[in-house]
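In what follows, a structure is listed as structure tokens, so that the remarks can point back to it.
None of the figures in this text is laboratory data; all of them are computed from the coordinates on show. Everything numeric in this text was worked out from a predicted model, so none of it was measured. No Cβ is skipped: glycine too gets one built from the backbone with ideal geometry, and neighbour counts run over all protein chains shown.
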Amino acid sequence: MTHTEKTRKTEKAEKALKAEQSAYGATGVPGPAPAGLDAHLVVDRGSFRLDVALTAAPGDVVALLGPNGAGKTTALRALAGLTPLTDGRLRLDGAALERTAPESRPVGVVFQDYLLFPHLTALDNVAFGPRCHGATKAEARARAAEWLERMGLADHAGAKPRRLSGGQAQRIALARALATNPRLLLLDEPLAALDARTRLEVRTQLRRHLAEFEAVAVLVTHDPLDAMVLADRLVVIEDGHIVQEGTPADIARHPRTDYIAHLVGLNLYKGRAEGHTVQVDDGPAITTTEDLTGPVFVAFPPSAVTLYRDRPTGSSARNLWQCEVAGLETHGDQIRADLTGELPLAADLTTVAAAELDLHPGATVWATVKAAQTNAYPA
Amino acid sequence: MTSPTDAPDKSAAAADTLRGGPRRGRVRKGLGRGVPLPLLVPALLGLAFLVLPLIALLVRTPWHSLPDQLTSPEVWQALKLSLLCATAATAVSLVIGVPLAWLLARVEFPGRGLVRALVTLPLVLPPVVGGVALLMALGRNGIVGKWLDAWFGVTLPFTTAGVVVAEAFVAMPFLVISVEGTLRAADPRYEEAAATLGASRFTAFRRVTLPLIAPGIAAGAVLAWARALGEFGATITFAGNFPGRTQTMPLAVYLALQSDPEAAIALSLVLLAVSVAVLAGLRDRWMTAS
């Protein structure tokens, strides 16, 4: 068998190529090109343009995080071949997939609402993929049964999707995607369809399954917690472009856009550092502990803010600003105050403290932050 | 309502009766919120217009001689032929109509709107014109029929196969439109899910789409079958009226009306019964307001 003539005009050639790829994956023999994902996705859709570069090694779990409409799902669909690329490249274990039809890509997808085939049992849903890849009915079912066993759902093999709970359906969808031995696993908002309680449990299970998965996994989410628990690396997308990428811890500590800062619950300002003082763009100066020079970000959590009704006299805090309460909302057992003024910021305080301060929209307060609780880093 | 002057009085009285007193709970619930007369009167007239002929048919049915009428060999022959041809026409429509519906619903190609219009045309075309058109295409001297005859010795006009062709021509658009609507309503992402699992478009259609739209296909098939069963104009034009070969029930009814009106009524009653049965079968789909 020679695959040198990679014309990909016939399905046969496709299948042979794919077999070669999975053989590499199984035996660990490296292909001519680096294993894993190497993609530059460009999709033009009218006024929206997605332009995102993604690379990942086998075993990586990458989360695409971003607000609604940022292009996360478009990126996922482009990887699966469901949305054609306008430009760019897509290489998986060295094979170029830009022009490969979705059914011929070694890619598995877990859709947001799972899209389990309603007319098939759980077992036959999982067996669907192997069957399409040429397994006999008996082989496909045997493989599907193994997957259900691994997912702890052997008892539900005969159930139709509408009889399954959200968490069970999620696991069946994962088993269905994994049963084709994909080299790239895509998960679109894998936990969004679940209620809060199930979510916690399924998140833990999903984390375990993703850790066991030996190829590349890319998941899309707008939930920072899902992203941080499930992924090794976060790629934050806003308006079709990557605004930041890194480990969850790095991104949580050093957010670079308001969106990320808001997600991880930090107040974030951009400014110029001059030693221990950061002059915020269009705002006051903030005193920090870091000694930096040049453009920087300063971040601090809302819990680091202390509010006073009157200007504090004995406070040692160097960072003191007068603010006006723009809004109040409950945040767990805390109250989060949204403040405007010379420095817009969010502050967390207890319900009792909020009552004592007589906080209400329009009230004037003084906010302080200790320098030790701020975090400055180069922009 | 012979004189226009007394009509309003009468209908006003009728409306009062229908509106009912406060004690007539059911009626009050439906009509009590003041259905305006200019709507109520034509509505009732419309209802009467549709139901009255059917009542008349039942009233005039020669019930005592009905068993004899219905067991006569001519009736059986026509009924059997009708059922056979309508079923065959439905089968033909399914085999070529469902893929056509899929094409219209799922594949974007230039001129799709025009193709859809062409598919829908037989729906509004007078069936007789359809029959003439079929003769021009598939008749002995038709543009295709000429070659069918010369190469394969196949002649369609004035044969039972011709009846099937004529009925399929008229009935298939009903199936296509119905199935296309179901396909458009069905979530195409199931097909995408199938594709990511390695299913070709045809496999996805066969193993995912087809089972999902089966109820729509069934409804379309029943509709097409009912239309084929009642087909008259295209059939008599293209296939003629030969008892036992091309004389279906509607043709038999029309002919019997000239010579033996009682037989015509009996035959009509059979078709009415079949229609009611079809409607009963479809009631969940079309008779319950969504």
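At 4 °C and 1.567 mPa s, what whole-number value in µm²/s does Stokes-Einstein give for the translational diffusion of segment A:32-253, with Rh from the Kirkwood sum over Cα pairs? For the chosen part, D equals 73 µm²/s. With R₀ fixed at 51 Å, the C-beta to C-beta distance from B:TRP76 to A:ARG45 puts the FRET efficiency at about 0.20. With N as its number of residues, segment A:178-314 has a Cα radius of gyration that, divided by 2.2 N^0.38 Å, comes to 1.36. In this calculation the C-beta distance from B:LEU114 to A:GLU324 is compared with R0 = 56 Å, giving a FRET efficiency of 0.30.
Taking the number of Cβ atoms within 10 Å of each Cβ as an exposure proxy, the fewest-first ranking of B:GLU180, B:GLU192, A:GLU146 is A:GLU146, B:GLU192, B:GLU180. Computed over chain B with a Gaussian network model linking Cα atoms closer than 10 Å, the most mobile of B:VAL164, B:VAL274, B:VAL51 is B:VAL51. For chain A, the longest principal axis of the alpha carbon atoms and the long axis of helix A:11-27 meet at an angle near 60°. Evaluated on segment B:29-81, the Kirkwood hydrodynamic radius is 14.7 Å, with distances taken between all distinct Cα atoms.
From the Cα gyration tensor of segment A:208-273, with a ≥ b ≥ c the square roots of its eigenvalues, which class applies: rounded if a/c is under 1.5, or else prolate if a/b is larger than b/c, or else oblate? It comes out prolate by the Cα gyration axes.
Partners of A:LYS137 within straight-line reach, counting aspartates and glutamates whose Cα lies under 13 Å from its Cα and excluding those fewer than 8 residues away in the same chain: A:ASP124.
For the pair A:ALA142 and A:ALA379, the difference between a 0.36 nm per residue extended length and the Cα-Cα distance amounts to 79.9 nm.
Remark on segment A:90-185: Rg and Dmax equal 13.6, 41 Å (Cα only). Could you run the Debye sum over the Cα atoms of the protein assembly as shown, one equal point scatterer each and no solvent, and tell me log10 of I(q)/I(0) at q = 0.10 Å⁻¹, two decimals? Calculated log10 I(q)/I(0) at the listed q: -1.05.
Distance distribution P(r), segment B:132-243, all Cα-Cα pairs, bin width 5 angstrom from 0: 2, 12, 16, 14, 12, 11, 11, 11, 7, 3, 1, 0 percent. Using a simple spin-label model with pseudo-atoms 7 Å out from Cα toward Cβ, B:TRP147 and B:LEU45 lie 5.5 nm apart. Model label points for B:LEU66 and B:ALA185, set 7 angstrom from Cα along the Cα-to-Cβ axis, are 3.5 nm apart. Working from the Cα coordinates of segment B:66-287, the gyration tensor eigenvalues give, after taking √(5λ), semi-axes of 35, 23, 14 Å in decreasing order. Scaled against 2.2 N^0.38 Å for its residue count N, the alpha carbon radius of gyration of segment B:154-207 is 1.74. Here's how it looks for A:GLY341: its modeled amide H is under 5 Å from those of A:GLU324, which are all 5 or more places away or on a different chain. P(r) for chain A, from all Cα pairs and a bin width of 10 Å, is 5, 20, 25, 21, 14, 10, 5, 1, 0 %, short bins first.
Note: relative contact order over chain B, using C-alpha pairs below 8 Å and six or more positions apart, is 24 percent. The mean sequence distance of close C-alpha pairs (under 8 Å, at least 6 residues apart), as a share of the length of segment B:22-176, puts its relative contact order at 27 percent.
Counting only residues at least eight positions apart within a chain, or on another chain, the aspartates and glutamates with an alpha carbon under 13 Å from that of A:LYS270 are A:ASP258, A:ASP281, A:ASP282. Of A:LYS137, A:LYS72, the sequence from fewest to most neighbouring Cβ atoms within 10 angstrom is A:LYS137, A:LYS72. From the alpha carbon centroid of segment B:195-253 to that of segment A:307-379 is 73 Å.
How high is the relative contact order of segment A:302-371, in percent, with contacts defined as C-alpha pairs under 8 Å that are six or more residues apart?
Computed value for segment A:302-371: 48 percent relative contact order.
Computed over segment B:30-164, the percent of Cα pairs more than 26 Å apart is 57. Shown here for segment A:291-379: GluC sites (Glu not before Pro) in loop regions (DSSP other than H, G, I, E, B) with at most 16 other Cβ atoms within 10 Å, namely A:GLU342. The convex hull of the Cα atoms of segment A:302-371, projected and averaged over all directions, covers 4.2 nm².
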